[in-house]
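Here the structure comes first, spelled out in structure tokens, and everything after it is commentary.
The values are calculated or read from the model by the stated rules, or taken from the named source; none is laboratory data. This one's a predicted model, so the numbers in the text were calculated from it and none came from an experiment. We place every Cβ from the backbone using ideal geometry, glycine too, and count neighbours over all the protein chains shown.
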Amino acid sequence: MLLKLLYDFAHSRKLLGDLAFAPKAVRWIIPLDNEGNLIGSGLQESTGDKNRGKEYSAPQTSQSKNAGGIAEFLADNLIGIFGLDTNPEKDKNNDKKREDRDTNNAAKYEDFWRQIQQAFDDTQLPALSAMLQFRKRTQGIPPFLRWGVSQEPKPGEKPNWWLTTASGNETKIGPDNFTFQVNGHLLLDDEATLRPYWRRVYQKEIETAKTKARPGICLITGNGNAPIAATHTPKIQGIPNTQSFGAAIVSFDKSAFASYGFDQSHNAPVSMKAVSAYCNALKFLLTQNDHNLRIGQTSVCFWAREAKEASSFFAKMLNRPDPASVSVFLKSPWTGIDREQARHDQFYSVTLSGNAGRIVVRHWMQTTLEAAREHLRSWFDDLDIVTYGNATPQANRKQKTKTDNGEADIGMPPLALYRLACTTVREAKDLQAETLGQLYRASLEGIAPSQMLLRPILNRLDADLCRFGVGILETPISGKTIRAISDSNTPIPPPGQSRMALLRIILNRNIKEEEPMIEPTVFETSDPAYNCGRLLAIFDDLQMQAHDYKLEGAGVVERYYGSASSAPNSAFGILWRLHQHHLRKISRNGDSGKRAAEAIKRRIGDIAALFPQPAPNLPPQFPRTFSLQEQGRFALGFYQQMAARRAAIDEYRRKKNSGELKPEEMDAELELADDVQTTNPT
């Protein structure tokens, strides 16, 4: 089914027009004159992705590079162009491996220049003659390359290849690709001679392979007497944990996988034409941002059978769901979409991971486009949660941190799939593919994420609150908290909205009959866990005001959040006595202090009344312990109460600054907001 749909996709999107060429990142251009002399003292760097270079439509061979010793035409790496090992010190203590490596490198080097010589013999193109003359002059290591450490080495620095650029600077290089430019003419772009020549070579390779292929019935097309591909190429690149040159989704390279005397892929016969179609379709999906997501150690590809624009919508909403787009989508989920067409159009999704030379299919989904879109609408509706802080793209834009993919903008929207998954781990590199897979399925299939995710989310929340305080609940996380986290050499966690949105959807989609449905904002309920969370937030506000917002050291949240969320009876016994001390302290600050103390006391009394009271004038009777689900509701009650308080203060500031409040109204308005917050209001 999957291979047939990929085959159909290749034909519907016309991906089989020029298979002799494929996108290839080329970082370094070797500029030559007509005699093969290097122009200048170094190489030119192409503009493109950092440390990869510009993507060119480069020739590719139809031969499998699995066995080694096979080079590309016109563009290759250090081995093919110069015969230099990308890591000369690898396996230096293992004579057998080193010998095999050197043999393979030499074969690839000879194959690259054999192809250039053969192309020159066929075309007599002067530019190819210049390349051949360049080869004669650069036997060994050319002057613009150097193996070793940097000019000012750091302690413990390992040797690397260094390249001199045309500007005279020296830069470290990795597995970069090189190509040639002769007298200002880039050979990769030569449509007059070299590209037509390569199409003939490629077609000849295909025809030769067909004559050697065993005929049979193709499992994809159903065609009989079709030339069956012994191996499925081109190899698929871009999937985590696969070999650098790619992997196969169909493979029978071990006798244990074969049966009835068949060898290799004849155990699942697919015609060469069908193999080329489905492999190129999958390669296309993996290189298009509108068709794939990198989720931890998996790659997810998705597409609609007919609606080409559908994929870009899903990619954006899962990877970069900015608040404005989400809001518009929830209000009008079918804007710009033909609802009738969506009922009949099919939406496909496949989750892939790698195991060296093989591709593993982790999950396959096929549904209608209408169903996928409705599930996505429900996903964002269930993730809806009030924000604590300033959740704007502008506020997030300048903050950066490290992820498993390198440096990333932590301004990535809080509801992005990746950001939500990061709430379960300390560092992004620890993300499990299963976690991300669950969330992806929840977004497009409507399933409930496992309640087992509650424990890692709550553990991280407890640890971060106790160490860094309530600043980690803000969206975005405040600059002060970011600096404290950075100074402690701790990975910057996701913002509060990410944590709480995921908690809410897990609890609500796994709800039991006696449990409350958690609303997006603070709400009235008799649930003890939720109300205990609200009460802790009020106690925190109270303590901050009692210390004039200049509290030194840990507050009630840092000290008691963990015990209050799991063993509330013991923790709130202490907090109850402590809050009475804070009330007395505030009430000594004149009339305004008395009014503030009375307002907070009323708020505490309203929540305390929801708990059993052993006797008049005694503290409420709090539960002895909370289950994992109750701890989740405690966290949401705490967060939503904090957010409500911040919103009240922000509204008071806005009215005061805009002149909407008269002087005589300010005290009443401030009292309405309970005159407390978690940061200094002045």
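Numbers below:
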| item | result |
| --- | --- |
| Residues within the range 426-467 that are among the acidic types (Asp, Glu) and in contact with a Gly (Cβ under 8 Å, 6 or more places away or on another chain), tallied | 1 |
| Members of the range 214-239 that are modelled with pLDDT under 90, farther than 12 Å from residue 282 by Cα and assigned to a loop (DSSP other than H, G, I, E, B) | 224, 225, 229, 230, 231, 232 |
| Residue 124 vs. criteria out of contact with any Asp or Glu (no Cβ under 6 Å at 6 or more places or on another chain), among the polar types (S, T, N, Q), within 30 Å of residue 196 (Cα to Cα) and surrounded by 15 or more Cβ atoms within 10 Å (Cβ to Cβ) | no |
| Qualifying positions in the range 442-458 - assigned to a helix (DSSP H, G or I) and either loosely packed, with under 15 Cβ neighbours inside 10 Å or touching a His at 6+ places or on another chain (Cβ under 8 Å) (or both) | 443, 444, 445, 451, 452, 455 |
| Residue satisfying condition, being more than 41 Å from the chain's Cα centre (by Cα), surrounded by 18 or more Cβ atoms within 10 Å (Cβ to Cβ), under 29 Å from residue 89 (Cβ atoms) and not charged (D, E, K, R), within set 180, 134, 144 | 134 |
| Where a residue in the range 155-174 is polar (S, T, N, Q) and its partner, wherever it lies, is part of a loop (DSSP other than H, G, I, E, B), with Cβ under 6 Å and at least six apart | 164/42; 164/144; 165/42 |
| Of all residues making up the range 500-550, the number that are within 29 Å of residue 435 (Cβ to Cβ), of a type in the set (Asp, Glu) and in contact with an Asp or Glu (Cβ under 8 Å, 6 or more places away or on another chain) | 2 |
| Any hit, the range 521-532, residues being free of Cβ contacts under 8 Å to residues at least 40 places away in the same chain, more than 20 Å from residue 645 (Cβ to Cβ) and among the β-branched types (Val, Ile, Thr) | no |
| Positions within the range 509-554 being modelled with pLDDT of 95 or more and over 22 Å from residue 623 (Cα atoms), in sequence order | 509, 510, 519, 520, 521 |
| Qualifying residues in the range 569-614 (those that are part of a loop (DSSP other than H, G, I, E, B) and under 48 Å from the mean Cα position of the chain (by Cα)) - the one farthest from residue 536 (Cα to Cα) | 612 |
| Test: residue in the range 28-44 that is in a strand (DSSP E or B) and in contact with a Lys or Arg (Cβ under 8 Å, 6 or more places away or on another chain) | no |
| Check on residue 615, out of contact with any strand residue (DSSP E or B) (no Cβ under 7 Å at 6 or more places or on another chain) and either crowded, with 17+ Cβ neighbours inside 10 Å or outside the structural domain of residue 541 (by TED's automatic domain parsing) (or both) | no |
| Residue selected from the range 328-362 under the condition touching a helix residue (DSSP H, G or I) at 6+ places or on another chain (Cβ under 9 Å) and under 19 Å from residue 415 (Cα atoms), by the criterion surrounded by the most Cβ atoms within 10 Å (Cβ to Cβ) | 329 |
| Residue selected from the range 519-531 under the condition within 16 Å of residue 503 (Cβ to Cβ) and charged (D, E, K, R), by the criterion surrounded by the fewest Cβ atoms within 10 Å (Cβ to Cβ) | 519 |
| Yes/no for residue 199 being closer than 30 Å to residue 274 by Cβ and surrounded by 13 or more Cβ atoms within 10 Å (Cβ to Cβ) | yes |
| Filtered residues of the range 532-568 (kept if assigned to a helix (DSSP H, G or I) and either among the β-branched types (Val, Ile, Thr) or surrounded by fewer than 16 Cβ atoms within 10 Å (Cβ to Cβ) (or both)) | 538, 556, 557 |
| Elements of type helices (runs of 4 or more DSSP H) in the range 262-340, at least 3 residues being touching a residue at least 60 places away in the same chain (Cβ under 8 Å) and in the same structural domain as residue 219 (by TED's automatic domain parsing) | 272-287 |
| Matching residues, the range 293-319, being charged (D, E, K, R) and modelled with pLDDT of 90 or more | 305, 306, 316 |
| Residue selected from the range 246-282 under the condition surrounded by 21 or more Cβ atoms within 10 Å (Cβ to Cβ) and in contact with a strand residue (DSSP E or B) (Cβ under 6 Å, 6 or more places away or on another chain), by the criterion nearest to residue 364 (Cα to Cα) | 282 |
| Filter result (within 28 Å of the chain's Cα centre (by Cα), of a type in the set (D, E, K, R) and within 29 Å of residue 350 (Cα to Cα)) within the range 1-49 | 13, 24, 49 |
| Looking only at the range 147-177, and only at residues there that are over 19 Å from residue 27 (Cβ atoms) and among the charged types (D, E, K, R), the one that is surrounded by the most Cβ atoms within 10 Å (Cβ to Cβ) | 157 |
| Residue satisfying condition, being among the charged types (D, E, K, R), touching an Asp or Glu at 6+ places or on another chain (Cβ under 7 Å) and within 30 Å of residue 456 (Cβ to Cβ), within set 633, 624, 603 | 633 |
